[in-house]
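Nothing in this text is a laboratory measurement; each read-out follows from the coordinates by a stated rule. No experiment lies behind these values; they were computed from the predicted model shown. No Cβ is skipped: glycine too gets one built from the backbone with ideal geometry, and neighbour counts run over all protein chains shown.
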Amino acid sequence: MPTTITRLFGTARDLIERGAQSATASPKKAKGFVRKAEKALKKDSKLVTRASMKRLLSSDCAAALTSLLNDATNRAQQLLGTL
C-alpha cells in the first residue's frame, strides 16, 4: 500500500483523537480537529481510487479501503453533529 495513504489515515486518526480529547475543554477546537480529519479522510479516499486505477492496489484491497474510509468519514460527520 502506498505510504501516502497510510500516512493520511494516521493523521486523520490522530486529529479525531485530539478532537475527542479537547471536546470538553473547547468544543470549537474539537470541531476544527474533526473537520481537518474529515478532509484528510476524503483526500485519502481519492488517493485510494487513484492508486487502484494505476494498479498500485488490487481492486479488492481498494474496495475494502474505500469502504473503511467512507465509514470513517461518516463517523467523523456524526461526531461533528454532536459537538
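Estimated purely from DSSP H runs of n ≥ 4, each contributing -39500 (n - 2.57), the mean residue ellipticity at 222 nm for the chain is -29500 deg cm²/dmol once divided by its residues. Scanning the chain for trypsin sites (Lys or Arg not before Pro) lying in DSSP loops with no more than 14 further Cβ atoms inside 10 Å, the longest uninterrupted stretch between such sites is 1-53. Evaluated on the chain, the Kirkwood hydrodynamic radius is 13.0 Å, with distances taken between all distinct Cα atoms.
From least to most packed, judged by other beta carbons within 10 angstrom and beginning with the fewest, LEU47, LEU68 follow the order LEU68, LEU47. Gain on full extension, evaluated as 0.36 nm per residue between LYS31 and ASP60 minus their Cα-Cα distance, stands at 7.1 nm.
Extension gain, LEU83 to THR24, is 20.3 nm, computed as 0.36 nm per intervening residue step minus the present C-alpha separation. Full extension of the chain between GLU17 and MET1 gives 3.4 nm of extra length, using 0.36 nm per residue less the Cα-Cα distance.
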